[in-house]
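> Could you have a look at this structure, given as structure tokens, before my questions?
The values are calculated or read from the model by the stated rules, or taken from the named source; none is laboratory data. Every value quoted in this text rests on a predicted model; they were computed, and no experiment measured them. Using ideal geometry, Cβ is built from the backbone for each residue, glycine included, and neighbour counts are taken over all protein chains shown. For the accessible areas, the whole protein counts, side chains as well, though only heavy atoms, and no ligand, DNA or RNA atoms are used. Shrake-Rupley method; radii C 1.70, N 1.55, O 1.52, S 1.80 Å.
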Amino acid sequence: MIVAERKPIEEIIKMVEKHENILVLGCGGCVTVCLAGGEKEAEQLATTLRLYFQKENKQFKTITTTITRQCDPEYVKSVAEEVAKADAVLSTACGVGVQFMAENYPGKWVYPALNTKFAGANLELGVWGERCGLCGECILHLTGGVCPVIRCSKSLLNGPCGGSQNGKCEVSSEIDCAWQLIYDRLKSLNSLDLILKIQPPKDWSKARDGGPRKVIKEEVRL
Amino acid sequence: MITESRLEKLFTDGHFVVTAEIGPPKNSNGEVVRKHARNLKNYIDGANLTDNQTAVVRLSSIAAGYHVLSEGLDPIIQMTCRDRNRIGLQSDLLGAYSLGIRNVLALTGDHQSFGNHPTSKNVYDLDSIQLIRTIKKMRDEKQFLSGEAIKEHEPRFFIGAVENPFGDPFEFRVLRLEKKIEAGAQFIQTQCIFDMERFERFMEMVRERGLHERAYILAGITPLKSAKAAKYMKNVAGMIMPDHIIERMEKAEDQKEEGVKIAVEMIEHLKAVKGVAGVHIMAIAWEDIVPVIVERAGLLPRPEV
């Protein structure tokens, strides 16, 4: 899922201080699961902002609502009335939700309340880790299910760099060396031959480097 | 001989080759590099020009290589994958060759978080093995990486790579070296050696796979300036610094002299290790000491070609 975290409150205040009437719009998708922008977080954020501006003796009202997904036209259109009543929208969705709201409501400011971080997994309570670089051409079948594109700090495809030591990345002892993980996995799967083969340069045009991407599924198009 | 490289000639003639590293300055003064080249000229067979070493912006390795060449010393330009994509890398290879540079060393490069621009965007479009293969493809197949033909004046580089016997997973290091040789590496420079036991184990595995017969291996040597430097190196990623070396440096009355002694002893030891084709001296910011080490290690005079 997409993992995000809330921006520092000072930054959010600066974005919205010129407005008097804000719609704080939560998202029920990924950001609810990673406890960054769901119903509860949207309400907490609205309360924090109201209290702040109250202390500053500034006129400031909020409406708070949460939709199932801010990346889906059906749900995004369902808040048309609330959006019309507000001066601006403060979205607690990921960057996709913020943009999709902006696309659907021209002439209305939609502000991001979160920093969208990565596609990752919930590793333990309160901890999320990056797992996918969205590169458009998966090679996990060659690397034992550990992605070097995103988990190696240098995205190396042919083994570890010289800085890998004791299973850790040269960048930080907090980061596992992806290639140590791959080596261990393939060894246990009796498939080390996979990393002895020279992997050719990656086709980055399938990734972001090819420009914004689209996925089209013809059979479900109207 | 595949190339016109003087360095390749020395290897094929069976000489015990000596190379050393020159760190280009953090400014545009080429004279700094020229001065080092003049000082080292009769003591080494080739000079490595580092490519924005430790991700710190410096005079480019290719420009530095040109200065070295102008002083009559054979340059080995380092080229890292960190800062350039495949277009930039190939363009720079053409440029370097056009200036008369004949040796290139392909590296991944230190991560930018260590350097003076930690917030920069890295590239790593290719990894070092893919870069080695690209250089070989340009030379032997007269093609760019894309497959487009280089109709004339293909760059004919003598291709080098690095390997770190002190990185992990240890067992994979020799296999990775083999991958680099498969990709086209003709000479290898290793990370600096302080743990001789581990290096010897590495070389044993190298010999078992016959890799010393497929590429020339230069053992990395770094003279220590002080006990403090030794302690610092203990924490550098990919380096093993045994405690006995730190203790020896600490006990020494003249630490610089002790550092030189250790380096000389190591070279003398390495001369006898089967499969070691030479030494590569990385006297980081201490280039002036290289002639002293080379002389005391009995490596003079350097051969004429």
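> If only one of A:86, A:93 is within 23 Å of residue A:214 (Cα to Cα) and touching a Leu at 6+ places or on another chain (Cβ under 9 Å), which one is it?
A:93
> Inspect segment B:80-88 for any residue being more than 14 Å from chain A (Cβ to nearest Cβ) and at pLDDT 95 or above and give the result as yes or no.
The answer is no, given that none of the residues of segment B:80-88 is more than 14 Å from chain A (Cβ to nearest Cβ) and at pLDDT 95 or above.
> Another one. Which ones in segment B:102-131 are assigned to a loop (DSSP other than H, G, I, E, B), touching a Phe, Trp or Tyr at 6+ places or on another chain (Cβ under 7 Å) and not basic (Lys, Arg)?
Of everything in segment B:102-131, just one residue is assigned to a loop (DSSP other than H, G, I, E, B), touching a Phe, Trp or Tyr at 6+ places or on another chain (Cβ under 7 Å) and not basic (Lys, Arg), namely B:125.
> Determine whether segment B:272-286 contains at least one residue that is without any contact (Cβ under 8 Å) to a residue 24 or more places away in the chain and open to solvent by 60 Å² or more (accessible area, probe 1.4 Å).
Yes; the residues of segment B:272-286 include at least one that is without any contact (Cβ under 8 Å) to a residue 24 or more places away in the chain and open to solvent by 60 Å² or more (accessible area, probe 1.4 Å).
> Can you tell me which residue among B:182, B:268, B:197 is within 14 Å of chain A (Cβ to nearest Cβ), open to solvent by 80 Å² or more (accessible area, probe 1.4 Å) and not in a loop (DSSP other than H, G, I, E, B)?
B:182
> Pull up segment A:147-181, narrow it to residues that are outside any loop (DSSP other than H, G, I, E, B) and in contact with a Leu (Cβ under 9 Å, 6 or more places away or on another chain), then point me to the one that is surrounded by the most Cβ atoms within 10 Å (Cβ to Cβ).
A:179
> Looking at segment A:41-65, I want the residues that are of a type in the set (A, V, I, L, M) and have a partner that is open to solvent by 90 Å² or more (accessible area, probe 1.4 Å) with Cβ atoms under 7 Å, at least 6 apart or on another chain. Which pairs are those?
Listed pairs, sorted by first residue: A:63/A:85.
> Right, next: Residue check, residue A:144 against (1) away from every other protein chain (no Cβ under 14 Å); (2) open to solvent by less than 60 Å² (accessible area, probe 1.4 Å); (3) part of a loop (DSSP other than H, G, I, E, B); (4) not hydroxyl-bearing (Ser, Thr, Tyr), all met but one. Which one?
In the conditions (1) away from every other protein chain (no Cβ under 14 Å); (2) open to solvent by less than 60 Å² (accessible area, probe 1.4 Å); (3) part of a loop (DSSP other than H, G, I, E, B); (4) not hydroxyl-bearing (Ser, Thr, Tyr), residue A:144 misses (1) alone.
Rundown of residues vs (1) within 19 Å of residue A:104 (Cα to Cα); (2) among the hydroxyl-bearing types (Ser, Thr, Tyr); (3) assigned to a loop (DSSP other than H, G, I, E, B); (4) in contact with a strand residue (DSSP E or B) (Cβ under 6 Å, 6 or more places away or on another chain), yes/no style:
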{"position": "A:12", "(1), (2), (3), (4)": "no, no, no, no"}
{"position": "A:15", "(1), (2), (3), (4)": "no, no, no, yes"}
{"position": "A:23", "(1), (2), (3), (4)": "yes, no, no, yes"}
{"position": "A:35", "(1), (2), (3), (4)": "no, no, yes, no"}
{"position": "A:41", "(1), (2), (3), (4)": "no, no, no, no"}
{"position": "A:47", "(1), (2), (3), (4)": "no, yes, no, no"}
{"position": "A:69", "(1), (2), (3), (4)": "yes, no, yes, no"}
{"position": "A:74", "(1), (2), (3), (4)": "yes, no, no, no"}
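> Take the residues in segment B:74-86 that are open to solvent by less than 10 Å² (accessible area, probe 1.4 Å) and touching a helix residue (DSSP H, G or I) at 6+ places or on another chain (Cβ under 6 Å), then tell me which one is farthest from residue B:44 (Cα to Cα).
B:81
> In segment B:228-257, how many are open to solvent by 30 Å² or more (accessible area, probe 1.4 Å) and closer than 21 Å to residue A:168 by Cα?
7
> Within segment B:15-70, can you find the residues that are among the basic types (Lys, Arg), surrounded by fewer than 17 Cβ atoms within 10 Å (Cβ to Cβ) and either touching a Phe, Trp or Tyr at 6+ places or on another chain (Cβ under 6 Å) or not in a helix (DSSP H, G or I) (or both)?
Correct list: B:26, B:41.
> Looking at residue A:191, is it in contact (Cβ under 8 Å) with a residue 24 or more places away in the chain, more than 10 Å from chain B (Cβ to nearest Cβ) and either closer than 18 Å to residue B:176 by Cα or open to solvent by 30 Å² or more (accessible area, probe 1.4 Å) (or both)?
yes
> Follow-up. When the residues of segment A:194-222 are filtered to those that are under 23 Å from the mean Cα position of the chain (by Cα), within 12 Å of chain B (Cβ to nearest Cβ) and open to solvent by less than 100 Å² (accessible area, probe 1.4 Å), which remaining residue is farthest from residue B:171 (Cα to Cα)?
Restricting to residues being under 23 Å from the mean Cα position of the chain (by Cα), within 12 Å of chain B (Cβ to nearest Cβ) and open to solvent by less than 100 Å² (accessible area, probe 1.4 Å), the top hit is A:205.
> Working only within segment B:210-238, note down all residues that are at pLDDT below 95 and closer than 30 Å to residue B:158 by Cα.
B:236, B:237, B:238
> For a quick check of your reading: which strands (runs of 3 or more DSSP E) sit entirely within segment A:85-129 and have at least 2 residues that are polar (S, T, N, Q) and open to solvent by 60 Å² or more (accessible area, probe 1.4 Å)?
Where strands (runs of 3 or more DSSP E) fall fully within segment A:85-129 and carry at least 2 residues being polar (S, T, N, Q) and open to solvent by 60 Å² or more (accessible area, probe 1.4 Å), they are A:114-124.
> Specify which of the listed residues (B:107, B:94, B:126) is more than 9 Å from every other protein chain (Cβ to nearest Cβ) and among the hydrophobic types (A, V, I, L, M, F, W, C).
After applying the criteria, what remains is B:94.
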